[in-house]
Amino acid sequence: MAARRIALTVNGKRVEVESDPDKPLLWVLRDDLRLTGAKFGCGAGLCGACTVHLGSEAVRSCVVKVGSVASRPVTTIEGLAKGARLHPVQQAWIDEDVAQCGYCQTGQIMAAAALLAAKPNPTDADVASITNLCRCGTYPRVRKAIASAAKKMGGKA
């Protein structure tokens with residue numbers, strides 16, 4: 001398909017890109033908009049390194065076509081904080097020293113933030129439903145950070 005102008009709302013700002021509508025959202029974010037927080041991991045929607053929010057839903061941006069998102073706001077890790085104030089999940093990641101190599105962490109954070117927005121008091125099963133892969137195996141610290149962020153956000157986890 002030929003490239004066309006596509007209007008998007010990314011991190012609260014209206015932007016236009018010239019793109020093939022079938023191009024994965026991940027590559028529009030990284031290559032066209034220079035928002036490199038979402039990482040390329042598998043390209044098949046399996047690992048979660050590319051997780052962003054589409055509306056309030058955590059999605060794998062490597063398998064979402066940019067032409068399908070024009071009416072829904074996109075939030076990347078770069079837009080999660082409010083100015084200099086980190087999102088509670090980002091702060092919990094720092095406080096709990098979650099990251100090791102860090103490659104998967106932006107996707108992990110985006111998935112956790114979406115979960116806590118939908119379920120302020122997540123169960124262990126809810127947290128386990130986050131299927132982002134971590135090569136370094138920091139899952140215990142991820143779970144601890146999610147529980148910490150839930151408490152700071154008013155939940156009981």
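Since every read-out is calculated from the coordinates, none of them should be taken as a lab result. All of these numbers come straight from a predicted model, not from anything done at the bench. Note that we place each Cβ from the backbone using ideal geometry, even for glycine, and neighbour counts take in every protein chain shown.
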TODO: State the answer as a single residue: which of His53, Ala92, Ala38 lies farthest towards the positive end of the charge dipole of the chain, with beta carbon charges of +1 for Lys and Arg and -1 for Asp and Glu, about the Cα centre.
DONE: Ala92
Task: Cα centre as origin, Lys/Arg/Asp/Glu Cβ charges: the chain dipole, Debye - done: 280
Task: Label point distance in nm, Lys152-Ala70, each placed 7 Å from Cα along Cα→Cβ - done: 3.8
- [ ] Work out the length of the dipole vector of the range 4-79 about its Cα centre, built from +1 on the beta-carbon of each Lys and Arg and -1 on the beta-carbon of each Asp and Glu, and round it to the nearest 20 debye.
- [x] 80
Task: Mean-position separation - Cα centroids, the range 105-131 and the range 58-98, in angstrom - done: 12
- [ ] Kindly state, to the nearest 0.05, the FRET efficiency for Arg85 paired with Leu46, given R0 = 22 Å and r defined as their beta-carbon distance.
- [x] 0.10
TODO: State the label only: which of [x] 135; [y] 150; [z] 103 corresponds to volume of the Cα convex hull per residue in Å³ computed from the shown model?
DONE: [z]
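Let me have the 222 nm mean residue ellipticity of the chain computed from DSSP H runs of 4+ only, each contributing -39500 (n - 2.57), with the sum over all residues rounded to the nearest 500.
Details: 4 runs with 41 residues, N = 157.
So the calculated ellipticity at 222 nm is -7500 deg cm²/dmol.
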- [ ] With a point put 7 Å past each Cα toward its Cβ, work out how far Arg34 is from Asp124 in nm, to one decimal.
- [x] 4.7
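Report the antiparallel proportion of the DSSP beta bridges in the chain as a percent, rounded to a multiple of 5. List each step's numbers first, then the result.
Numbers: 15 of 16 bridges.
That works out to approximately 95 percent antiparallel.
Given Cα pairs under 8 Å that are at least 6 residues apart, what percent is the relative contact order of the range 4-79?
Numbers: 152 pairs, mean separation 28.7, N = 76.
Computed over the range 4-79, the figure is 38 percent.
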TODO: In nm, give the distance between the simple-model label positions of Asp95 and Ala117, each being 7 Å from the Cα along the Cα-to-Cβ direction.
DONE: 2.1
TODO: Evaluate E = 1/(1 + (r/R0)^6) for Leu133 and Arg14, where r is the Cβ-Cβ distance and R0 equals 30 Å; express this FRET efficiency to the nearest 0.05.
DONE: 0.35
Task: Taking the range 88-152 and dividing mean pair separation by its residue count, relative contact order in percent (alpha carbons under 8 Å, at least six apart) - done: 52
